[in-house]
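The values are calculated or read from the model by the stated rules, or taken from the named source; none is laboratory data. Note that the structure is predicted; figures quoted are calculated from it, not measured. Positions of Cβ are backbone-derived with ideal geometry, glycine not excepted, and every protein chain shown enters the neighbour counts.
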Amino acid sequence: MPEADARRCRLCLVTPRDIDPDLLAPRVDDALAGGDVASLIIDGEGESLQRLAAALVPRAQARGVAAIVRNDTRIAGRTHADGVHIDTGVADITAIGSQRRKLIVGAGNVRSRHEAMAAGEADPDYLFFGRLDGDTGDDVFAKALDLASWWSELFVIPAIVMGGRTLASVETAAREGIEFVALCRAVFEDPRGPGIAVEEANRLLSRIAEAAA
């Protein structure tokens, strides 16, 4: 995943679940055309995840966006994804072993400072605070925000925090100095279209960075 600019929080996207890849692919294309996106986390299970990854990995990579598959190194390998998002515990991060030299490995579903410290000892490429489907409120979930802010202030490994279902939630993350903020519903359910949503999210992030400069 591209390095975060120290002065600017960057946007990540999480794919919605249970959507046919043929329907989701053009929406992802639109989103990625909207502006800066650091990574696309592809969420799903089994055959659905395989189909999603096969459709979306090349689209993300064509835009210079890191394509990251949830919890399945085999699918990540078959689809030539850039990385894997592991939210099933530190042991599963460690078990990836030699594949870590070829893959971005993220630690997901970090729910406490203890879990964050344990995950950090496994030396992942990022820690993800909040659930991938945790954008049920308008703003960033308070506990995830507190943990991501604490981590970003003290540690080198980048943090991603799950945003809310509104675009304004990216401002909350950016003001806390968190390196990355992830969006799903706020982008893919925007009635104006995902591309306009990504464009606006980046405008909000840039405004916060400029104000802090």
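From the list ILE178, ILE208, the lone residue that is in contact (Cβ under 8 Å) with a residue 40 or more places away in the chain, farther than 25 Å from ALA60 by Cα and of a type in the set (Val, Ile, Thr) is ILE208.
For ALA60, the conditions (1) in contact with a Lys or Arg (Cβ under 9 Å, 6 or more places away or on another chain); (2) closer than 20 Å to ASP190 by Cβ all hold with the exception of (1). Of everything in region 16-27 that is in contact (Cβ under 8 Å) with a residue 24 or more places away in the chain and under 17 Å from ASP135 (Cβ atoms), the residue that is surrounded by the fewest Cβ atoms within 10 Å (Cβ to Cβ) is ASP18. Counting the residues of region 83-106 that are modelled with pLDDT under 95, outside any helix (DSSP H, G or I) and hydrophobic (A, V, I, L, M, F, W, C) gives 2. If you go through region 78-97 and pick out every residue that is surrounded by fewer than 18 Cβ atoms within 10 Å (Cβ to Cβ) and free of Cβ contacts under 8 Å to residues at least 24 places away in the same chain, you end up with 7. When the criteria are applied in full, GLY34 meets the requirement of being touching a Gly at 6+ places or on another chain (Cβ under 6 Å) and under 18 Å from PRO194 (Cβ atoms).
Just one of the numbered conditions (1) surrounded by 17 or more Cβ atoms within 10 Å (Cβ to Cβ); (2) under 16 Å from the mean Cα position of the chain (by Cα) is not true of ASP133: (1).
For region 39-61, which residues satisfy the criterion of being part of a helix (DSSP H, G or I) and of a type in the set (Gly, Ala, Ser)? Those that are part of a helix (DSSP H, G or I) and of a type in the set (Gly, Ala, Ser): GLY46, SER48, ALA53, ALA54, ALA55, ALA60.
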